[in-house]
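S.K.: Pasting in a structure now, in structure tokens, and then I'll have a few things to ask.
What follows is calculated from the coordinates using simple rules that are stated; it is not laboratory data. Predicted model, so just to flag it, every value in this text is computed and none were measured. Note that each Cβ is placed from the backbone with ideal geometry, even for glycine, and that neighbours are counted across all protein chains shown.
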Amino acid sequence: VGDTAAAMPHNAGKAAEYGADAARCPFTGAHVATADPSVGASTLSETEVSGKTVDAAAAGVNAVGGELARVRADASAQMLTTNQGVRVADNQHSLKAGLRGPALLKDFILREKITHFDHERIPERIVHARGSAAHGYFECYKPLTDLTAASLFAEQGKRTPVFVRFSTVAGERGSKDTARDVRGFAVKFYTDEGNWDLVGNNMPVFFIQDAMKFPDLVHAVKTEPHHGMPQAASAHDTFWDFVSLMPESTHMLMWLMSDRAIPRSYRMMQGFGVHTFRFVNAQGESRLVKFHWSPVLGTHSQVWDEAVKVSGADPDFHRRDLWEAIDAGNGPEWELGVQIFTEEEAERFSFDVLDPTKIVPEELVPITPIGRMVLDRNPDNFFAETEQVAFCVAHVVPGVDFTNDPLLAGRIHSYVDTQISRLGGPNFHEIPINAPLAPVHNNQRDGMHRQTIHRGRVSYEPNSLAGGCPFQAGMDGYVPFPEPVAGDELRGHPEKFAEHYNQAALFFNSQTDWEQRHIINAFAFELSKVTVPAIRQRMVASLRNVSDELAQGVADQLGMVLPEPLPRAAAQPPAPEIEVSPALSLTARPGDGGVATRKVAILAAEGVDGAAVAAVADMLIRAGVVVRLVGQRIGPLQAEDGSTWDADASLDNHPSGLFDGAVVPGGVDAVGRLQADGRALEFLRDAFRHGKTLMALGAGATLFEAAGITPDASDGGLLTGSGTPANSAAAFIQALAKHRHPERETAPPGV
Ligand code: HDD
């Protein structure tokens with residue numbers, strides 16, 4: 001095998017996917033001297049892989065390799081054809097015996113069209129069916145060769161293309177984005193030594209400790225099988241029945257009932273590899289590792305009432321948010337951090353690092369940043385890419401290995417297995433979005449939908465007829481870490497797995513007052529939807545092992561007497577190392593303090609103060625805010641000063657849940673009209689209740705009063721602009737950067 005062939009990328013045409021933006025393509029092996037995403041370009045005809053330059057034009061041996069452009073279709077200026085390339089003369093009328101006669105069986109054009117249509121859907125994912133994805137790149141901060149042989153971490157500035165899919169778990173493919181749910185955070189790294197899929201979530205722990213329980217968990221949370229309800233919701237009997245009988249779920253339930261489960265945006269949530277993995281370096285030395293993604297924009301969430309309302313106003317809220325941000329050139333960015341520790345250190349922890357219901361607190365092992373990921377390109381086609389992408393936990397590269405986490409073991413099997421029915425056979429790795437950039441050579445053959453045309457008569461190894469090719473890579477290949485294994489075959493779990501409450505308590509105790517309140521409210525809401533009182537009882541009894549304040553708060557809202565605590569599985573639970581970890585609060589990661597991509601409504605009607613609209617909109621836009629002029633209807637409206645404005649949104653099509661803040665400019669006429677419009681009052685009440693930043697200018701203050709919102713100097717998010725509109729806008733931007741103003745919350749809500 002010559003050097004060129006060995007180094008030939010399987011998907012050398014990947015750069016072409018960037019189209020006119022080819023300069024932004026983070027080619028495998030491309031090195032960048034600076035952090036500027038526009039630097040580090042490679043050309044379409046040349047690819048640098050592992051330091052070797054390969055002529056992509058020559059890379060045509062494999063059907064998918066070479067030009068990915070071959071599979072991209074562009075019908076502009078083209079004639080309509082059948083799938084066999086036969087030109088279609090008439091796409092409107094089926095072939096009939098006479099104009100009023102029967103359609104004919106021999107109409108192969110009609111039959112091909114209908115047959116294809118009949119088969120256009122594939123099974124949705126059994127979990128994580130609803131998702132949105134984007135392309136981007138990972139950039140390594142500095143060589144990690146002392147820790148791992150993984151090539152993507154080999155050099156400073158090295159960029160590796162990624163495709164990332166975010167998802168909800170329980171809902172079906174067409175369900176709403178803002179359900180209370182875990183979010184999937186799956187990253188496919190197209191490294192030059194093969195694909196690595198880091199299939200994580202936005203929460204660092206999981207419901208169960210063993211894959212054996214996964215089908216039961218999923219059956220419990222999904223719609224109840226007799227009537228198919230409720231969609232995309234855990235607030236029902238079967239879920240709470242299962243988790244209340246499964247105390248190991250308690251820690252995850254704390255995260256699920258927190259605002260982490262209703263993120264403001266996919267761009268504003270953390271990601272976690274969840275399990276403890278291994279890094280293995282070229283010398284074969286291993287360290288344990290936990291992966292953390294931290295968003296540059298910080299961690300921010302919705303509030304429950306808002307999430308419920310947004311699910312009606314825009315079921316695609318998160319999909320649209322991601323798409324629009326990338327489309328506008330504001331692709332989101334995360335920093336990848338790792339917690340690195342040795343087996344000996346792990347043994348000293350009060351918990352077991354093989355237990356996926358446990359975190360390793362940052363106070364015990366700090367997070368070291370190792371690189372950044374930027375998502376900068378939307379998919380060309382939702383089905384071909386977002387739907388057909390297949391993440392598999394078993395996809396690892398040299399330098400990354402597994403541990404004996406029993407949940408991970410089941411996952412290593414499940415993901416490859418599920419694609420076989422979802423994507424129709426064993427060749428899903430050939431679908432362009434799944435195909436690695438690294439070359440693929442093996443003796444696997446045939447199967448449904450095979451794309452590759454293998455040449456030659458040899459499809460076995462060892463062989464002499466093909467010179468022994470493809471040959472085993474030996475130590476250049478994937479060598480598993482030689483972890484010693486001993487023990488009897490048995491079913492059971494290690495001792496520390498039996499402790500279920502220490503970290504649930506750690507999480508609850510690490511939250512701010514308002515976060516704790518939201519957790520109590522969420523438990524109370526979900527359990528209020530449970531129809532069997534014994535389930536509520538059992539769950540609250542379990543919560544007593546986390547915090548009496550939590551259990552009491554939930555019991556109060558359910559009109560229950562506080563039950564006795566549920567007996568614990570561990571008779572003598574180990575003492576936790578720490579009681580509080582500030583890093584577990586959403587407030588620990590406020591973000592970069594900017595307001596770019598935040599959405600602000602300027603409420604307007606005929607007679608609005610046009611100068612104020614102009615000044616405020618200008619300042620906000622310059623700060624990167626997405627501004628919409630929300631009118632009583634869309635279309636032109638005349639301002640007080642005679643200027644004409646175009647309302648590009650209306651109180652009907654853009655309710656307040658879709659915005660991060662709102663401004664009510666002056667203009668006596670406009671304010672009068674809005675005051676008489678229940679939708680405007682509702683808009684402001686919702687925005688206020690959801691903690692949004694609000695500002696009234698001039699006569700706009702009257703509208704606040706009409707909505708029942710009274711000025712309050714202690715409320716940092718409630719502004720009545722008294723200075724010039726520009727000064728007021730500056731104050732508004734500062735308040736908006738705080739994201740939300742939970743200090744105004746009361747129970748029950750006063751507005
Ligand atoms: Fe899973 C999909 C994350 C446990 C079996 N899982 C799936 C996806 C994510 C996760 C993000 C969507 C990937 C995509 O966007 O296509 N899953 C997790 C995490 C887990 C976890 C972080 C715990 C740490 N999963 C888990 C277990 C099993 C599965 C224990 C089975 C034993 N998961 C699957 C699956 C899915 C899946 C059935 C459905 C569709 C797919 O794989 O491709 O195989």
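S.K.: HN-Hα J couplings of the stretch 325-335 from phi, Karplus 6.51/-1.76/1.60, θ = phi - 60°, integer Hz, Gly and Pro as x?
M.R.: Karplus-based 3J(HN,Hα) across the stretch 325-335 equals 5, 5, 4, 8, x, 10, x, x, 9, 10, 9 Hz.
S.K.: Apply the Karplus curve 6.51 cos²θ - 1.76 cosθ + 1.60, θ = phi - 60°, to the phi angles in the stretch 631-647 and return the couplings in whole Hz, x for Gly and Pro.
M.R.: Listing the rounded values in order: x, 5, 8, 6, x, x, 9, 9, 7, 3, 8, x, 6, 10, 10, 10, 6 Hz.
S.K.: Rank Val479, Pro533, Gln451 by how far each Cα sits towards the positive end of the charge dipole of the stretch 450-551 (+1 on Lys, Arg Cβ; -1 on Asp, Glu Cβ) and give me just the farthest.
M.R.: Gln451
S.K.: Spelling out what I want: for every residue of the stretch 479-486, take phi, set θ = phi - 60°, compute 6.51 cos²θ - 1.76 cosθ + 1.60 (Karplus), and round to whole Hz; glycine and proline get x.
M.R.: Going residue by residue, I get 10, x, 5, x, 6, x, 10, 8 Hz, with x marking Gly and Pro.
S.K.: Using only the Cα atoms of the stretch 658-751, build the gyration tensor, take square roots of its eigenvalues as a ≥ b ≥ c, and label the shape rounded, prolate or oblate: rounded if a/c is under 1.5, else prolate if a/b is larger than b/c, else oblate.
M.R.: Verdict is oblate for the stretch 658-751.
S.K.: Using packing as a proxy for protection, rank 328-341, 539-552 so that the peptide with the highest average count of other Cβ atoms within 10 Å comes first. Can you show the working numbers first?
M.R.: Values: 328-341: 18.9, 539-552: 21.3.
Going from most to least packed, we get 539-552, 328-341.
S.K.: Within the stretch 200-218, whose backbone N sits under 19 Å from a point 7 Å along Cα→Cβ of Glu489?
M.R.: It comes to 211-212, nothing else.
S.K.: Here's something else I'd like to know. With +1 assigned to the C-beta of every Lys and Arg and -1 to the C-beta of every Asp and Glu, and no other charges, what is the dipole magnitude of the stretch 334-414 about the Cα centre in debye, to the nearest 20?
M.R.: 200
S.K.: On to the next question. Determine by what factor the alpha-carbon radius of gyration of the stretch 539-658 differs from 2.2 N^0.38 Å, reporting the quotient. Intermediate values should be presented prior to the final figure.
M.R.: On the way: Rg = 25.6 Å, N = 120, 2.2 N^0.38 = 13.6 Å.
Compactness ratio reported: 1.89.
S.K.: Next up: Rounded, prolate or oblate: which one fits the stretch 344-420, using the alpha carbon gyration tensor with axes a ≥ b ≥ c (rounded when a/c is under 1.5, else prolate when a/b beats b/c, else oblate)?
M.R.: Because a/c hits 1.5 or more and a/b fails to exceed b/c, the stretch 344-420 counts as oblate.
S.K.: A follow-up question, please. Looking at the stretch 105-171, what % of the alpha carbon pairs are farther apart than 19 Å?
M.R.: When every Cα pair of the stretch 105-171 is considered, 64 percent fall beyond 19 Å.
S.K.: Continuing with the same structure: When only alpha-carbon atoms count, how far does the stretch 229-325 stretch along each of its three principal axes, as whole angstroms with the largest first?
M.R.: Result, largest extent first: 55, 42, 20 Å.
S.K.: Under the definition of Cα pairs under 8 Å and six or more residues apart, what whole-number percent is the relative contact order of the chain?
M.R.: Relative contact order comes out at 12 percent.
S.K.: Something else about it: Please express the Cα-Cα pair-distance distribution P(r) of the stretch 254-391 as a list of whole percents, one per 5 Å bin, running from 0 to the bin with the greatest distance.
M.R.: Pair shares across the bins are 2, 8, 14, 17, 17, 16, 12, 8, 5, 2, 0, 0.
S.K.: Which value in deg cm²/dmol, rounded to the nearest 500, describes the helix-derived mean residue ellipticity at 222 nm for the chain, given -39,500 (n - 2.57) per DSSP H run of n ≥ 4 and division by the residue count?
M.R.: Value at 222 nm, helices only, nearest 500: -7000 deg cm²/dmol.
S.K.: In addition: Given Cβ point charges of +1 (Lys, Arg) and -1 (Asp, Glu) and nothing else, what value in debye, to the nearest 20, does the dipole of the chain about its Cα centre take?
M.R.: Charge dipole of the chain: 1800 debye, to the nearest 20.
S.K.: A follow-up question, please. Within the stretch 142-217, list the GluC sites (Glu not before Pro) lying in a DSSP loop whose Cβ has at most 16 other Cβ atoms in a 10 Å radius.
M.R.: Sparse-neighbourhood loop GluC sites (Glu not before Pro): Glu155, Glu172.
S.K.: Still on this structure, I have one more. Cross-link partners among lysines for Lys106, C-alpha distance below 18 Å, same-chain residues fewer than 8 apart left out?
M.R.: Candidates past the 8-residue exclusion: Lys96.
S.K.: A follow-up question, please. List every residue whose amide H lies under 5 Å from the amide H of Asn201, counting only residues 5 or more places away in sequence or on a different chain, with H placed 1.01 Å from N in the peptide plane.
M.R.: Sorted by chain and number, the residues that satisfy this are Phe185, Phe272, Val274.
S.K.: Please work out the Cα convex hull volume for the stretch 466-569 and give it in Å³ per residue.
M.R.: About 263 Å³ per residue, rounded to a whole number.
S.K.: What percent of all Cα-Cα pairs in the stretch 392-448 falls in each 5 Å bin, counting up from 0?
M.R.: For the stretch 392-448, the binned pair fractions read 4, 15, 22, 25, 20, 12, 3 percent.
S.K.: Can I ask one more? Please work out the C-alpha center-to-center distance from the stretch 464-503 to the stretch 316-347 and express it in whole Å.
M.R.: 28
S.K.: I need the calculated FRET efficiency for the pair Ala89 and Ala726, taking r as the beta carbon distance and R₀ as 51 Å, to the nearest 0.05.
M.R.: On the way: r = 63 Å, r/R0 = 1.24.
The computed FRET efficiency comes out at 0.20.
S.K.: Lysines near Lys692 by alpha-carbon distance under 24 Å, same-chain residues fewer than 8 away left out - which ones?
M.R.: Those lysines meeting the cut-off are Lys176, Lys309, Lys599, Lys738.
S.K.: What is the mean projected area of the alpha carbon convex hull for the chain, to one decimal in square nanometres? Walk me through the numbers on the way to the answer.
M.R.: Numbers: hull surface 158.0 nm².
Computing the convex hull of the Cα atoms and averaging its projections yields 39.5 nm².
S.K.: Over the stretch 593-751, what is the relative contact order in whole percent, taking alpha-carbon pairs under 8 Å and six or more residues apart?
M.R.: Working: 332 pairs, mean separation 38.2, N = 159.
That works out to 24 percent.
S.K.: If you place +1 on the Cβ of every Lys and Arg and -1 on the Cβ of every Asp and Glu, how big does the dipole about the Cα centre of the stretch 557-637 come out, in debye to the nearest 20?
M.R.: 300
S.K.: Would you pull out the residues with amide H under 5 Å of Lys158's amide H, same chain only if 5 or more places away, H placed 1.01 Å from N?
M.R.: Val32, Cys140
S.K.: Still on this structure: For the stretch 610-720, what does the alpha-carbon gyration tensor say about shape, rounded, prolate or oblate, given a ≥ b ≥ c as the root eigenvalues, a/c under 1.5 as rounded, and a/b over b/c as prolate?
M.R.: rounded
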